[in-house]
Amino acid sequence: MPVTIKDVARLAGVSPATVSLVLSNKGQVSEETRRKVLEAVQKLGYRPNVLARNLVKGKTRTVLLCAFIREDRKLSTFYGDLINSLLAATSSSGYYLQIVVRGEFFNGHPLDKREALLDIARNRLFEGLFILSHWPVQYPEVSDLVREGFPFVVVNQRVEGDGVSYVDIDHYGGAREAMRYLLEQGHTCIAHIRGPQGHRHAEERYRAYLDALIERGIPIRREYIVEGDFRRLSGRKAMERLLETHPLPTAVFCANDKMAIGALQVAKERGLRVHEDLAIFGFDGIEAVKYTDPPIPTVEQPLGELGKVAAEILMERIQGGEGKSVVLPCRLVEWSTV
């Protein structure tokens, strides 16, 4: 049986309240009483239940990352890097980070994110919450957290509404930078391997592609737009379709780096010189595109800053600060061999 504060009090001949005063170094306690309590603690090997004490105070120094990501697949490089940045930023603030990964379904039924988040807010095990979701987060799903006054930050997604804090990345602006780069290189036949329809970030990058062409007065060719699912294999299949179009595109803007790598592989297999015969541009800034042959220029998402800013906002919210909404810019990266 674990030693309790009552065991210490019984051996020292004092009340449990007095033991608590000695251990917390508070209140007026005689030196003789203090000595008896500390001797009893040492003799019994008593260790205070810090978690229980903190729960009573409402201070656990622990926050939760609730990630709504498909559980049947490995975490992508993107999510892994983002979670690592959140972990580092939270730790540097003196907090512990726990992680729970939820899928889209629970016991065969669509997961009720609203109910799941409310349960987290009411169990008192965490002082704050990061929400990361592959699927769009709607305001009604977090409205209970707002009403309860529970500190939370939505990461890598915008959720408009009173009391909501979020940190997102300027996907539209980053995609416009990619298109500006290709247009300034003289390309007018630019194809786009887009992300899945309905995915908010994919839609923003797709809209930037269309707007850039429209502003330059370049006709939009539907055959130059092929949908992928952000995985390398879909990039391969999309490039195979693009190489059947006439005239062939001279450049391909891919909605993420994994699809860009797949597109690069097909282009090289077909004997095309990348980036002479066909320019390929990615999005995300994952490490792998730096080492492809040739390297792929990309738009880098500031994942390290994303985690840092999200943690700063959450810590401020825990301390009673106001909510904030921040959108971070991307950075265009050209490798020296391009």
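The values are calculated or read from the model by the stated rules, or taken from the named source; none is laboratory data. What you see is a predicted model, and the numbers here were worked out from it, not measured in a lab. Reconstructed Cβ throughout: ideal geometry from the backbone, glycine too, with neighbour counts over all protein chains shown. Accessible surface areas use protein heavy atoms only, side chains included; no ligands, DNA or RNA. Shrake-Rupley method; radii C 1.70, N 1.55, O 1.52, S 1.80 Å.
A few comments on the model shown:
- Given (1) closer than 30 Å to V8 by Cβ; (2) modelled with pLDDT under 85; (3) open to solvent by 50 Å² or more (accessible area, probe 1.4 Å), index of the condition D72 fails: (1)
- Exactly one residue out of I318, I280 is of a type in the set (V, I, T) and either open to solvent by less than 10 Å² (accessible area, probe 1.4 Å) or modelled with pLDDT of 95 or more (or both): that is I280.
- Yes/no for S143 being buried (at least 22 other Cβ atoms within 10 Å of the Cβ), at pLDDT 90 or above and of a type in the set (G, A, S): no
- Qualifying positions in the range 205-225 - touching a residue at least 24 places away in the same chain (Cβ under 8 Å), open to solvent by less than 80 Å² (accessible area, probe 1.4 Å) and over 15 Å from A175 (Cβ atoms): I218, Y224
- Filtered residues of the range 210-264 (kept if touching a His at 6+ places or on another chain (Cβ under 6 Å) and closer than 18 Å to V299 by Cβ): A251, F253
- Here K308 fulfils each of the conditions (1) open to solvent by 50 Å² or more (accessible area, probe 1.4 Å); (2) closer than 17 Å to G173 by Cβ apart from (2).
- Qualifying residue in the range 183-191 (condition: under 30 Å from G217 (Cβ atoms), of a type in the set (G, A, S) and open to solvent by 40 Å² or more (accessible area, probe 1.4 Å)): yes
- Number of positions in the range 295-338 that are of a type outside the set (K, R) and part of a helix (DSSP H, G or I): 14
- Selection status of D81, modelled with pLDDT under 85, part of a helix (DSSP H, G or I) and acidic (D, E): yes
Yes/no matrix, rows are residues, columns are (1) modelled with pLDDT of 95 or more; (2) closer than 25 Å to I83 by Cβ; (3) touching a strand residue (DSSP E or B) at 6+ places or on another chain (Cβ under 9 Å); (4) not aliphatic (A, V, I, L, M):
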| residue | (1), (2), (3), (4) |
| --- | --- |
| V137 | no, yes, yes, no |
| G149 | no, no, no, yes |
| F152 | yes, yes, yes, yes |
| V155 | yes, yes, yes, no |
| V159 | no, yes, yes, no |
| E184 | yes, no, no, yes |
| I190 | yes, no, yes, no |
| G198 | no, yes, no, yes |
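- Any hit, the range 231-238, residues being under 30 Å from V137 (Cβ atoms), under 24 Å from the mean Cα position of the chain (by Cα) and open to solvent by less than 10 Å² (accessible area, probe 1.4 Å): yes
- Only residues that are modelled with pLDDT of 90 or more and open to solvent by less than 30 Å² (accessible area, probe 1.4 Å) were counted in the range 321-338, giving 2.
- Residue in the range 226-249 that is part of a strand (DSSP E or B) and in contact (Cβ under 8 Å) with a residue 24 or more places away in the chain present: yes
- First in the range 147-162 and acidic (D, E) and assigned to a strand (DSSP E or B), second anywhere and modelled with pLDDT of 95 or more and surrounded by fewer than 23 Cβ atoms within 10 Å (Cβ to Cβ), Cβ under 6 Å, 6 or more apart: none
- Check on R53, in a helix (DSSP H, G or I), basic (K, R) and at pLDDT below 85: yes
- Pick from the range 151-175, criterion of a type outside the set (A, V, I, L, M) and surrounded by 21 or more Cβ atoms within 10 Å (Cβ to Cβ), ranking: nearest to L132 (Cα to Cα): N156
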